[in-house]
Every structure is written in structure tokens, then in C-alpha cells.
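**Student:** Structure below; questions to follow.
The values are calculated or read from the model by the stated rules, or taken from the named source; none is laboratory data. Here the structure is a predicted model, which is why all the values come from computation and not from measurement. Note: ideal-geometry Cβ built from the backbone for every residue, glycine included; neighbour counts use all protein chains shown. Ligands, DNA and RNA are stripped out before the accessible areas are found, and what is left, the full protein with its side chains, is counted by its heavy atoms. Shrake-Rupley method; radii C 1.70, N 1.55, O 1.52, S 1.80 Å.
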Amino acid sequence: MAEFFIGEVEKITGVKAHVLRYWEEQVPFLSPKKDFAGRRVYSAADIQLIQRLNYLIEKRKFTLQGAFNEIIRENLSGNNTEIKSVIGQVKGELITLYKIVSKYTDKNDDPETPENGMIK
């Protein structure tokens, strides 16, 4: 199971860390676990929820409370549950792949340098 720290979530979703912390206070089902050091650890499902909230707020111009209510409404409607499940699995796999790739590309902006062990 993929786990992400707040900095990684910020990169993946484009939502700033202080906004994520605020959303955690306001949205009951957004509550990442904390590791032994007290750092937030987000799951792929948490990231999906954050992306959906961000879309509703930024693109559809919902308030945070309105976005929260819309997500509840969507989940209660239960339409296309099989499709939603498959999409959720694919998103989770893409997030995992992103994490793997970012381990190697975040160390140096030029992935073709000899320090990274890659050559053209």
C-alpha cells in the first residue's frame, strides 16, 4: 500500500500543505494517519479525495462545505460503482508509479547525468 507524506501530496495534487491541514479540520473523512514521528501519512484514497475536493473547489467553484456535500451525494447515489472502483484502482496505481519515478528524478533535475547512473 502506497503511503505519502504531506510534501509528496502537495506535489501530486497541487494543494498547499497549509490548505491540506485546514481541510483535515473541516472534512471528517479526510484524516491521514500519523507515523511514529507524528508526520502525516496519506493513502492513495486520501489523495483521490483531495484531488476531487480540489477539482470541485477550483474548477466547479464550490465552497469547501459544498464540495464536501457533493462528494457525499456522489457516494450515496452509488451509480456506476464498478466503473468508479476501476478508476480508483488505476489512480492508485498511477500515484504509486509517480512516487517510484519521483524517487529517481527529485535527486537531480537532469536525469541523464552520470551521477544518476543514466546515460543517453
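**Student:** Nearest 20 debye, what's the magnitude of the dipole of the stretch 4-103 about its Cα centre given +1 on Lys and Arg Cβ and -1 on Asp and Glu Cβ?
**Tutor:** In debye, rounded to 20, the stretch 4-103 gives about 220.
**Student:** Follow-up. Which pairs, out of LYS16/LYS61; LYS11/LYS99; LYS61/LYS99, put more than 22 Å between their alpha-carbon atoms?
**Tutor:** LYS61/LYS99
**Student:** Next question, about the same structure. Using the charge dipole of the stretch 3-60 (Lys, Arg: +1 at Cβ; Asp, Glu: -1 at Cβ; taken about the Cα centre), state which of PHE5, ILE57, ALA44 has its Cα farthest towards the positive end.
**Tutor:** It is ILE57, whose Cα lies furthest towards the positive end.
**Student:** Could you tell me the convex hull volume per residue, in Å³, taken over the Cα atoms of the stretch 1-66?
**Tutor:** 82 Å³
**Student:** Pop a pseudo-label 7 angstrom from the Cα along the beta-carbon direction at both GLU58 and VAL41 and give the gap in nm to one decimal.
**Tutor:** Each label point lies 7 Å from its Cα, and together they span 2.7 nm.
**Student:** Report, by chain and number, residues whose modeled amide H sits under 5 Å from the one on VAL41, excluding near sequence neighbours (fewer than 5 apart, same chain).
**Tutor:** LYS33, LYS34, ASP35
**Student:** Across the stretch 13-26, in residue order, what do the Karplus-derived ³J(HN,Hα) couplings come to in whole Hz, using 6.51 cos²θ - 1.76 cosθ + 1.60 with θ = phi - 60° and x for Gly and Pro?
**Tutor:** For the stretch 13-26, the Karplus curve yields 9, x, 9, 5, 4, 5, 5, 4, 4, 5, 4, 4, 6, 9 Hz.
**Student:** If ligands, DNA and RNA are left out, what is the accessible area of ARG21 with a 1.4 Å probe, given in Å² to the nearest 10?
**Tutor:** 90 Å²
**Student:** OK, next. Label points 7 Å out from Cα along the Cβ direction at LYS16 and SER31: separation in nm?
**Tutor:** A separation of 2.7 nm, rounded to one decimal place.
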